[in-house]
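Step one of this worksheet: look at the structure below.
The values are calculated or read from the model by the stated rules, or taken from the named source; none is laboratory data. What you see is a predicted model; the values in this text were computed from it and never measured. Here Cβ is always computed from backbone atoms with ideal geometry, including for glycine, and neighbour counts include all displayed protein chains. Protein only, heavy atoms only, side chains kept; ligands, DNA and RNA dropped before computing areas. Shrake-Rupley method; radii C 1.70, N 1.55, O 1.52, S 1.80 Å.
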Amino acid sequence: MFRKIQLQVLVISIFGIHLSIQQQISGCDTRPADVIFLLDSSGSVGGNFNTEKQFIVNFTQAVHIGPSKVQVGVVRYAFNAATEISLNDYSSEGPLRQAINNIPYIPGGTNTDSALRYIFYNGFTFQEGDRSSVPNFLVVITDGFSYNVDATIKEANRIHQHMTVYAIGVGNSIDINELSHIATNRNHMFTVPDYNALHTLQTELHPIACNGMQTTTPPTVQTDSCSSSPCVHGRCFHDPSSYVCLCQTGYNGKNCDKDVCSSAPCQNGGKCYMNGADYVCVCNNGYFGKNCQTAPTQAPDSCSTAPCQNGGTCYTSAADYLCRCKNGYSGKNCQTVPTAQTGFCASHPCQNHGKCFENNQGFVCVCAAGYNGLTCSGNTISTTWIPIPAVG
């Protein structure tokens, strides 16, 4: 039987491979193993995607597939990762190989850190067919460096706690530093100058598959105590007496069912929002501080001293005040006495009790009854004497 421990995690930047693994590991007694291939679907793969899938098919031809033997799963990734084949989807070689060949090529970016994180939470799980008593192996296939090297290294370090990682890079676009961190150690990392040189790895893969190399002990994941999926926002690990949940960032509690806002840290009506492993409070009514615990500064009533003079009305305006003045008074506090009228009507041009109104051109007089003219100086009542003949 094929020794699954030896093939635990193989990160392969290969695509033009027609690799005869069967020749490499012929004669091996394979034992039960759960193997997931992380299939690179980035834009740089192109026509090599079918060769990538053929590499996986060749692997399945070299081992015994079955629920009590070797199980193979495939996760495709580019911008995002998605499970194409779960570990327990196929119990025989034929249907499994057909399913591998039918995986579509959906190009995108090389978001390796996201793919490794997806494997950690969704790869070797009870729901996906992982067997807790069987060692787990991840075969990551990539032909270049990731978008975020630091994040990729962080995710790789996390999965190293539960599986052994092998990394194989092909071509000149490989970041050796990143590749070495993806692999468990440099003894698990391989590089070749191009796809045509992949055949030189056959002698390297032979001891990995057959010689019982030291491996990381896989986690005891998802036995009976985990079968009910008790970890709401995390991954379940079997404990001899119960289970332990490894929570996602920002969640806590035995079942990872509480987030950082569950304790209602925001006071005085503030609203709590998750922010990674922390939280942010959006405060109300002027309160501030991490938990909205600090009361707003109370400004004194700016109108309490009655600053508006001469009958003016005071209105508060933020930390200041405004005076609404009356009877022509002006100034900040209505302290300025209105000045004498200086307009066109100031000289009282309208005579005989006429009323003066200013306009843009000057003034207009509205005359009293019996008077007319520009200044109401004309008298409309006739003063001519008309003789009346004597009545005889």
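Given R₀ = 45 Å, what would the calculated FRET efficiency be for Thr305 paired with Leu374, taking r from the Cβ atoms and rounding to 0.05?
Result of the calculation: an efficiency of 0.30.
Limiting things to C-alpha atoms, what are the Rg and the maximum Cα-Cα separation (Dmax) for the stretch 62-140, in angstroms?
12.8, 37
Can you give the accessible area of Lys290, probe radius 1.4 Å, in Å² rounded to 10?
Accessible surface of Lys290 is approximately 100 Å².
To the nearest 10 square angstrom, what accessible area does Arg31 show with a 1.4 Å probe?
Looks like 80 Å² after rounding.
Go through Phe49, Leu96, Leu116 and say which Cα lies farthest out towards the positive end of the charge dipole of the stretch 28-143; charges sit on Cβ, +1 for Lys and Arg, -1 for Asp and Glu.
Highest projection toward the positive end goes to Leu96.
Which length gain, in nm to one decimal place, applies between His353 and Ala99 when the Cα-Cα distance is subtracted from 0.36 nm times their residue separation?
Result: 80.6 nm gained on full extension.
Using a simple spin-label model with points 7 Å from Cα along the Cα→Cβ vector, what separation in nm is obtained for Val337 and Tyr147?
Simple spin-label model gives 7.6 nm for this pair.
Tell me the label-point distance for the pair Asn285, Ala346, using the 7 Å Cα-to-Cβ offset, in nm and rounded to one decimal.
5.6
Tell me, in nm to one decimal, what length is gained between Met274 and Ser262 on full extension, where the rule is 0.36 nm per residue of separation less the Cα-Cα distance?
3.3 nm
How many nm is it between the label spots at Ser242 and Gln161, if each spot is 7 Å from the Cα in line with the beta carbon?
1.9
Mind ranking 173-183, 115-125, 264-274 by how tightly packed they are, going by the mean number of other C-beta atoms within 10 angstrom, highest first?
Going from most to least packed, we get 115-125, 173-183, 264-274.
Given the whole protein assembly as supplied and a 1.4 Å probe, what does the accessible area of Val70 come to in Å², nearest 10?
0
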